[in-house]
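Here's the structure we're looking at; comments come further down.
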Amino acid sequence: MSRKLDNHRGKETILVVDDQTATLEVLQRNLVSQGYQVLTAAGATEAIEILEAVDVDLVITDYKMPKISGLDLIRHVRENYRQTEVMMITGYASINGAVKAVKAGAEEYIAKPFTDKELFDAVENAITKLNIRKKQQNRENDREAHYHGLIGNSAVMKEIYKTIAKAARTTATVLITGESGTGKELVARAIHYNSSRVKAPFVPINCGGIPESLLESELFGYVKGAFTGATESRAGFFQTADGGSIFLDEISETSLTMQVKLLRVLQDKEVCMVGATQTRKVNVRIMAATNKELHSLVKKQIFREDLYFRLNVITIIVPPLRERDRDVITLAQHFAEKFAKELDKRAPRLSSNILDALCRYDWPGNVRELENVIQRMVVMSDADVLEMPDLPGPMRFSVATGPRLDQTLAEVESEHIRNVMTRTGGNKSHAAKILGIDRKTLLDKIKKAAPE
């Protein structure tokens, strides 16, 4: 194999494919002079191998080549590499050939002999079309990664989005579980604001933050004279949420007595204000959340089984951040931009070392902890690029201790391969060399590690 990788880190990467050595050399020299990084291949087979190992922005291929033609190569690129443009050059110019090239997927078509200006203009046009398509794709990815306040496009989060959409089309009670800081309230909000109740109130209540002696009156309201200090009647949160949704966070912190009263609301769709003798109908969609295992609390008889079943119609388990693949990077960049905007400063870039550390950290506090870490770094640093010293000390120590001891050997290997791929910018050949394996073995391991 004879390929050349120019060391100049310029603009886009271009792969030139031609069976004539002289043509390859001329094209490479001219394109390098314009700041492009250029690779060359003497045929389609070699070009395909390069495409598997390196991210290429533009393929410039000759029309007629032995064994595999330029048209076949164009079709292969179009079918397998969405982020790569294609341009054809040929010494056998014809209208029919141009039509075939365009139909196969070539963005540009120029005939030999051509001037340097014709070459550069054609390349610039192809690159411009590529950048437009990438921007459109990025906008689509951004929309996909931002779902009603939730951020992330990992496979597990996409499944959450599907469940939210289904739940929003019903009025069924929803139980949202997950560790602290995972975003359970955001899930509840997404359901509400994606439902037919969107114009009605969404009322979040932290059941664990209200004293037990006040919780009933806060939830259901009270009438004048119900107790000392009740100088007037006041509606509770359930009346406030009438027509909309109420979110009972930390539902596991309620007493058995309060659980009986909540069960009545679920069953009869009515509340009784403290001090009142009659009930009132309410039209409220109830969503509840907990970071505890309710089923185990039922077995311990500290949570009512009938209430558990009433709440557990639709269950959404929000995954911890450590199980959300590379969502941590998307979230970190979002928070960096958010807090920089609040401080009216330019958003700092997160270095590859920082991103690597964020991915390796266990995040016991989940998204909330990540948000706090990023806010601290943005506030405390005036640098354009955030580096490892900007991380909080305890976190730097935790990351430096190495892989978690609860990981399997396969997980450690997969994580190491992912880190090496990140450090090499996705260059599979370079990554394989660092890992001490051949490229085919690396591709096999990446394929096995990918989620189905």
For the chain, the charge dipole (Cβ of Lys, Arg +1; Cβ of Asp, Glu -1; about the Cα centre) points to a positive end, and the Cα of Leu435, Thr84, Leu350 closest to that extreme belongs to Thr84
Between rounded, prolate and oblate, where does the range 165-219 land on the alpha carbon gyration tensor, with a ≥ b ≥ c its root eigenvalues, rounded for a/c under 1.5, else prolate if a/b exceeds b/c? oblate
Taking Cα atoms only, helix 44-53 is inclined relative to the longest principal axis of the chain by an angle, in degrees rounded to 10, of 30 degrees
Are any of the pairs Lys11/Lys445; Lys338/Lys447; Lys199/Lys281 more than 27 Å apart by Cα-Cα distance, and if so, which? Lys11/Lys445; Lys338/Lys447
Using alpha-carbon positions, the gyration tensor of the range 194-302 gives root eigenvalues a ≥ b ≥ c; with a/c under 1.5 called rounded, otherwise prolate if a/b exceeds b/c, else oblate, the class is oblate
How big is the convex hull of the Cα atoms of the range 322-449, per residue, in Å³? 111 Å³
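Mind giving me the FRET efficiency for Ala226 and Ile317? R0 is 35 Å, r the Cβ-Cβ distance, nearest 0.05 is fine.
0.35
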Please list 3J(HN,Hα) in residue order for the range 188-198, calculated via the Karplus relation 6.51 cos²θ - 1.76 cosθ + 1.60 where θ = phi - 60°; whole Hz, with x for glycine and proline. 4, 4, 4, 5, 4, 6, 9, 10, 6, 8, 4
Quick one: what are the phi-derived ³J(HN,Hα) couplings along the range 290-295, Karplus 6.51/-1.76/1.60 with θ = phi - 60°, whole Hz, x for glycine and proline? 7, 9, 10, 7, 4, 4
Cα lying deepest toward the dipole's positive end in the range 164-319, options Pro319, Asn194, Thr277, charges on Cβ: Asn194
Placed amide H near Tyr36: partners under 5 Å, 5+ positions off or other chain: Lys11
Which whole-Hz ³J(HN,Hα) couplings does the range 202-211 yield from phi under the Karplus relation 6.51 cos²θ - 1.76 cosθ + 1.60, θ = phi - 60°, glycine and proline marked x? 10, 10, x, 10, 8, 4, x, x, 10, x
Alpha-carbon centroids, the range 378-394 and the range 154-216: separation in whole Å: 34 Å
Along each of the three principal axes of the Cα atoms of the chain, give the extent in whole Å, ordering the values from largest to smallest. 97, 51, 44
Segment Ser213-Glu25, length gained on full extension (0.36 nm per residue, minus Cα span): 59.3 nm
Unit charges at the beta carbon, dipole of the range 164-319: most positive-side option, Phe309, Ser233, Thr254: Phe309
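Every number in this text was worked out from the coordinates using simple rules, so none of it is lab data. If you're wondering where the values come from, they're calculated on a predicted model, not measured in any experiment. Because the Cβ atoms are built from the backbone with ideal geometry, glycine has one as well, and the counts that use them run over all protein chains shown.
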